[in-house]
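Engineer: Mind looking over this structure? Questions follow.
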Amino acid sequence: MRVPARALLLALLISIGCRDARPPVERPRLAAWVVDWNDALLRDALGVVRDHHEVLSQIDLFRFRLTTEGDAVATRPLTALHRRLVDTARAYGLSVVATVVNDTVGGDGKIVELKDAALVETILRDDTRRVRLARRLAAVARDEGLDGIDLDFEGVTGSHQDRFLDFVSELAGALHADGKRLIVTVAPPPVGTAGKPPPTSTDALADLAALVDEVRVMAYHHHHPTSAPGPSAPVEWLDAVVDRSRAAMPAEKLSIALYAGGWEWRNGRREQLTSSEAVSLAKNLEAMLEWSENADAVHFHVDGAKGGIEVWYEDACSLVRKIERVRRAGIRTVALWHLGKQDPELFSALRAGRCERPTTRP
């Protein structure tokens with residue numbers, strides 16, 4: 001039977017239309033915190049967004065702390081550079097949220113205490129202050145045109161968990177009423193972590209996941225300022241954090257945060273380093289770089305008085321491998337702490353989908 005030309009054309013157009021209507025393949029989500037402690041960090045972040053937006057999905061402006069009275073206050077006033085960063089991120093389709101951390105600042109704006117759990121617990125015990133803070137944070141998201149809030153209240157003890165959940169529920173309700181999202185960033189579950197903040201129980205992870213859009217688990221600082229030298233996220237520990245976290249909630253609610261820099265242990269002192277600073281230090285000391293298979297990380301040691309110097313850090317290859325490891329476990333969203341600390345080659349390596357391990361000399 002001969003098919004009329006018009007019918008063939010119609011069938012072809014329908015076929016093309018159906019192909020074009022297929023949903024695009026969703027790219028993996030990679031969020032990154034942006035600290036605004038100075039303009040140089042904001043300019044660096046702006047450059048990353050411009051040059052590597054295709055591998056990013058969100059930026060988190062780490063810019064709100066708590067006053068001693070329990071109100072939220074910005075690290076610094078919103079500047080034209082902030083706006084440029086936000087507008088550029090939005091132009092490329094990235095989400096923008098603000099992180100609120102429980103660092104306490106005084107009337108002069110200077111930090112009084114880092115990760116002030118006692119202040120949070122005081123707020124949680126006071127219904128009026130708790131509700132007021134939830135409304136204030138919802139207003140921040142609304143007034144600054146953000147997509148949501150990332151709540152990073154660390155060190156709150158389990159005895160205050162019910163009150164904390166009440167606060168999270170109130171904040172989530174206020175944000176959702178405005179079409180905004182709530183992320184809660186928490187310490188990892190107990191899988192051998194001996195540092196601070198205290199671990200988050202799997203029950204608490206499950207309770208939070210029922211209320212919020214995303215629970216972000218900090219899978220880093222397994223070795224930390226008060227520990228012996230070692231990698232931030234050895235792979236066996238990272239796998240355990242991912243497995244226990246995923247068992248507590250749906251995978252689509254979970255994201256894993258990774259550290260993008262390094263730590264230096266020297267003569268009893270500990271100091272955070274960017275990846276570039278770690279490489280520069282190794283060059284200056286003529287140190288031999290070593291790749292750790294157990295940690296997927298780079299390290300070096302220089303002998304000297306009082307124990308010498310030991311450095312562990314993440315380079316482009318170590319982070320590419322860790323991000324891939326997390327995604328193979330079924331977790332699509334990874335967050336980096338923070339832009340400015342990463343290996344300058346990281347985003348090119350992520351875009352290429354491959355990396356090279358460092359040579360034995362920096």
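Engineer: Rounded to the nearest 5, what is the percent of antiparallel bridges among the DSSP beta bridges in the chain?
Structural biologist: Given both bridge residues lie in the chain, the antiparallel proportion sits at roughly 35 percent.
Engineer: At what distance in angstrom do the alpha carbon centres of the range 227-255 and the range 290-339 lie from each other?
Structural biologist: The two parts, judged by their Cα centres, are 14 Å apart.
Engineer: Kindly rank 181-190, 40-49 from highest to lowest mean number of other beta carbons found within 10 Å of each residue.
Structural biologist: Result, highest mean first: 181-190, 40-49.
Engineer: Please tell me the relative contact order of the chain in percent, rounded to the nearest whole number, where contacts are Cα pairs under 8 Å and at least six residues apart.
Structural biologist: 14 percent
Engineer: For the range 176-241, what does the relative contact order come out to in percent, with C-alpha contacts under 8 Å and a separation of six or more?
Structural biologist: Computed value for the range 176-241: 34 percent relative contact order.
Engineer: T226 to A206: extension gain in nm, 0.36 nm per residue of separation minus the Cα-Cα distance? Write out the running numbers ahead of the final one.
Structural biologist: Numbers: separation 20, 0.36 × 20 = 7.20 nm, distance 2.95 nm.
Result: 4.3 nm gained on full extension.
Engineer: While we're on this one: State the Cα centre-to-centre distance between the range 268-284 and the range 48-95 in whole Å.
Structural biologist: 27 Å
Engineer: Given charges of +1 on the Cβ of Lys and Arg and -1 on the Cβ of Asp and Glu, with all other atoms neutral, how large is the dipole of the range 94-185 about its Cα centre, in debye to the nearest 20?
Structural biologist: For this selection, approximately 220 debye.
Engineer: What is the extension gain from L165 to V302, computed as 0.36 nm multiplied by their sequence separation minus the C-alpha to C-alpha distance, in nm to one decimal?
Structural biologist: The L165-V302 span can extend by a further 44.6 nm.
Engineer: Taking the structure as given and computing semi-axes √(5λ) of the Cα gyration tensor in Å, which label from (i) 35, 30, 21; (ii) 31, 23, 21; (iii) 40, 23, 19 fits?
Structural biologist: The value computed from this structure is option (i).
Engineer: Let me ask something else. For a test of the definition: using alpha carbon positions, the gyration tensor, and the 1.5 limit on a/c, classify the range 25-71 as rounded, prolate or oblate. Write out the running numbers ahead of the final one.
Structural biologist: Working: a/c = 5.91, a/b = 1.70, b/c = 3.48.
Cα axes put the range 25-71 in the oblate bin.
Engineer: Per residue of the range 129-141, what does 6.51 cos²θ - 1.76 cosθ + 1.60 with θ = phi - 60° give for ³J(HN,Hα)? Whole Hz please, x for Gly and Pro, Karplus curve as stated.
Structural biologist: Once θ is set to phi - 60°, the couplings for the range 129-141 become 5, 5, 5, 4, 5, 4, 5, 5, 5, 5, 5, 4, 4 Hz.
Engineer: OK, next. Please give the contour-minus-distance gain from T68 to A352: 0.36 nm per residue of separation, less the Cα-Cα distance, rounded to one decimal in nm.
Structural biologist: Full extension from T68 to A352 adds 97.6 nm.
Engineer: Please build a GNM for the chain, connecting alpha carbons under 10 Å apart, and tell me which residue among T200, T226, T99 fluctuates the most.
Structural biologist: Per the Cα network of the chain with a 10 Å cutoff, T226 tops the list.
Engineer: Have a look at D51, D60, D116 and tell me which one the Gaussian network model of the chain (Cα, springs below 10 Å) gives the largest fluctuation.
Structural biologist: Highest fluctuation among the options: D51.
Engineer: Also, quick follow-up: Would you mind computing, in nm to one decimal, how far apart the modelled labels at M288 and D87 are, each placed 7 Å from Cα along Cα→Cβ?
Structural biologist: Taking the simple label geometry, M288 and D87 are separated by 5.4 nm.
We did not get these values from a lab; they are worked out from the coordinates using the rules stated. Nothing here was measured: the structure is a model prediction, and the numbers come from that model. Note: ideal-geometry Cβ built from the backbone for every residue, glycine included; neighbour counts use all protein chains shown.
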